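Read through the structure below, which is laid out as structure tokens, and then see the notes.
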Amino acid sequence: MALYLGLDFSTQSASAVVVDVDPPENGRARRREVVCVVSLQFDDALPSYGTRSGVLPSEDPRVAHSVPLMWVEALDLLLARLRDEGVDLSAVRAIAGSGQQHGSVYLGASAPDTLASLDGELPLVEQVRDVFTRSTSPIWMDSSTADECEEITDSLGGPEAVAELTGSRAFERFTGPQIRRFYKLDPEAFALTRTVHLVSSFMASLIAGGHAPIDPGDAAGTNLIDIRKKAWSHLAVAATAPGLKPKLPPIAPSSTVVGRVSPYFVARHGMAPDARAIVWSGDNPCSLIGVGLVRAGRIAISLGTSDTLFGFMPELGIDPAGEGHVFGSPTGEYMSLICFKNGSLARERVRDRFGLDWDGFDEALRATPPGNDGKVMLPWFEPEITPNVLEAGERLYGVDADDGPGLVRAVVEGQMASMVLHSRWMGVTTREIYATGGASRNREILQVMANVHGAEVFPFRVGNSAALGAALRAWHADRVADGEEVSWDDIIAGFAEPVREERVSPDPDAHATYRRFVELYAECESAALRGEGDPAAARERFVRG
């Protein structure tokens, strides 16, 4: 038995996927099996931290922070749950992980000694309380750094120059602007900070018992990297904060072995002392592997806390509108990504407003027609990323606030239409969509997705593509470290493949309606962004057909 462990620390939860990839014997094929999947919700498992959906409450709707100590405690809980499920952690040969992108963790001078001397008799959380120079971590939902984005952008010569250099224009949630804001608000604490980690590299540092590097996929979510060289850009770093460069971990390929797992995990959780700790990556690059996008031609949509649309990119391309991102892929090439902040939380907001469960939500979708008779919602319950909307608040056109079925369809159609509208820069004709994330289990939502995009939609049996991708990355890195010739096609075979028999096919008539609906949605969005009123004439034209 050869087990590989993938961990995922997302906004609301922590998850683990264990895969068994015993080598072939006597001509038999290699066994490929997902042997265990466990997860915990931060709010439920660790209520003392006071988070809501994994985020600390804030009076300022632009501010979104979480608690790194909560993630530390969750790591011990998650490994204990694996043992409770009967997983033999001593058979794990390598561990890799996925962290929510853009979040940052700030450590002081004592961190290296503390990480190197962890005692397996004591909980992890009790031993690392004093290593932080900042008790909270700004995460991807934060939109409080508009001023810092503008300052960085001006310093680097404009938004196009920032995107050409780093792969994305300066975004409020990206790590660089967040670091700059911390430097401005608390320069003393920033001066005491010896290392600024991403969520991924911080968690990898716990596993390895020492500071871990950052891979190019996650580093590209900082506005600090030269996207072509896959190295820290001295220009971007200098524009962000003085003295920042020595505080940044090195950037290393996604297959890098950081070292052996910390003796802490051997003593406390029974892991093998020779198990390898692999560099972690962001949730989006890990999901790219977890849904098998190692070749061009398909896209994936992850329906999670945020909704993301992403795909493999063999050669670098930059979104001229500055809405999309380019990150490094664990394969060594690139990935394109568009992030929509109002994902599951927006769907849940509508569901809860009318006291529905998910069955009731589905019933409302079935009871309303494609195109919703021209009723449109711009689902910006939180400040939105794509398009860039800093002022939260849903925008309703032709639909009443108390129209439950109308709003259920409006929130789903609005999300899907926005994906089509804002992914046009990728220049891809979508024929197949791989659907992942929690809401990918909802076939009514997938039917709207198929109809709006006019594409076959394939769900995955393993819903957490980021954790699965991390496990596959662990296997890949382990084989590379052993000097084996290995292809990514071989790594994903039998794991990162959709459930073909559960495909959701588009209805041609509905898709014809949605081609017009996307243009209506575009007019409503444009009017909202310009501060104009309801484009009633456009809605009337749509209804007349």
As straight-line cross-link partners of Lys184, the qualifying lysines (C-alpha separation under 25 Å, not fewer than 8 residues apart within one chain) are Lys245, Lys247
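Taking the Cα centre of the range 360-432 as origin, sum charge times position over the Cβ atoms of Lys and Arg (+1) and Asp and Glu (-1), and report the length of that vector in debye to the nearest 20.
On the way: 6 positive and 12 negative charges, 80 e Å.
The calculated dipole for the range 360-432 is roughly 380 debye.
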So, relative contact order of the chain in percent, Cα under 8 Å, 6 or more apart, is 15 percent
According to a simple spin-label model (label point 7 Å from Cα along Cα-to-Cβ), what is the distance in nm between Ala146 and Ser53? 2.1 nm
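Assuming 0.36 nm per residue, please report the length gained on full extension of the stretch Asp357 to Arg424 beyond their Cα-Cα distance.
On the way: separation 67, 0.36 × 67 = 24.12 nm, distance 3.39 nm.
Stretched out fully, the Asp357 to Arg424 stretch lengthens by 20.7 nm.
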Nonlocal amide H pairs with Gly259, under 5 Å, H built at 1.01 Å: Ala277
At 0.36 nm per residue, minus the direct Cα-Cα distance, what do Asp509 and Met1 gain on full extension? Give it in nm, one decimal, please. 177.8 nm
Only bridges with both residues in the chain count here: give the DSSP antiparallel percent, nearest 5. 70 percent
Using alpha carbon centroids, what distance separates the range 240-268 and the range 144-212, in Å? 17 Å
Ignoring everything except DSSP H segments at least 4 long, calculate the 222 nm mean residue ellipticity for the chain; use -39,500 (n - 2.57) per segment, divide by total residues, nearest 500. -11000 deg cm²/dmol
Taking the Cα centre as origin and putting +1 on Lys and Arg beta-carbons and -1 on Asp and Glu beta-carbons, what dipole magnitude results for the range 221-302, to the nearest 20 debye? 140 debye
Charge dipole of the chain about the Cα centre (unit charges at C-beta), most positive-ward option of Ala537, Ser344, Gly221: Gly221
Alpha carbon centroid spacing (whole Å) that separates the range 473-531 from the range 41-107: 26 Å
So who's got an amide H within less than 5 Å of the one on Ile299, skipping anything under 5 residues away but keeping other chains? H placed 1.01 Å off N, in plane. Glu432, Tyr434
Taking the Cα centre of the chain as the origin, how large is its charge dipole in debye, to the nearest 20, when only Lys and Arg (+1) and Asp and Glu (-1) carry charge on their Cβ atoms? 800 debye
Distance in nm between pseudo-label sites at Leu122 and Leu192 (7 Å out along the Cβ direction from Cα): 1.9 nm
Please give the solvent-accessible surface of Lys229 in Å², to the nearest 10, using a probe radius of 1.4 Å with every protein chain present. 150 Å²
Can you give me the span-like helices of the chain, meaning DSSP H runs with 20 Å or more of Cα extent along the axis and Kyte-Doolittle mean at or above 0.5? 68-84, 404-422
³J(HN,Hα) computed for each position of the range 189-198 - Karplus, 6.51 cos²θ - 1.76 cosθ + 1.60, integer Hz, glycine/proline x: 5, 5, 5, 7, 6, 9, 9, 9, 9, 7
Once both labels are modelled 7 Å past Cα along the beta-carbon direction, what's the Glu497-Ala238 spacing in nm? 5.2 nm
Any residue on another chain or 5+ positions along whose placed amide H is under 5 Å from the amide H of Ala94 is listed here as Leu5, Arg276
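With a/c under 1.5 counting as rounded, go ahead and sort the range 494-545 into rounded, prolate or oblate using the C-alpha gyration tensor (a ≥ b ≥ c being the square roots of the eigenvalues; past the cut-off, prolate if a/b is larger than b/c, else oblate).
Verdict is oblate for the range 494-545.
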What does the highest-first list of 382-391, 93-102 look like by mean Cβ count within 10 Å? 93-102, 382-391
Give me a comma-separated list of calculated 3J(HN,Hα) values for the range 388-399, in order, Karplus coefficients 6.51, -1.76, 1.60 applied at θ = phi - 60°, integers in Hz, x for any Gly or Pro. 6, 10, 8, 9, 5, x, 5, 10, 10, 10, x, 10
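The values are calculated or read from the model by the stated rules, or taken from the named source; none is laboratory data. Values in this document were obtained by computation on a predicted structure and should not be read as measured data. Glycine also receives a Cβ, built like all others from the backbone with ideal geometry; neighbour counts cover every protein chain displayed. Side chains included, ligands, DNA and RNA excluded: accessible areas come from the protein's heavy atoms. Shrake-Rupley method; radii C 1.70, N 1.55, O 1.52, S 1.80 Å.
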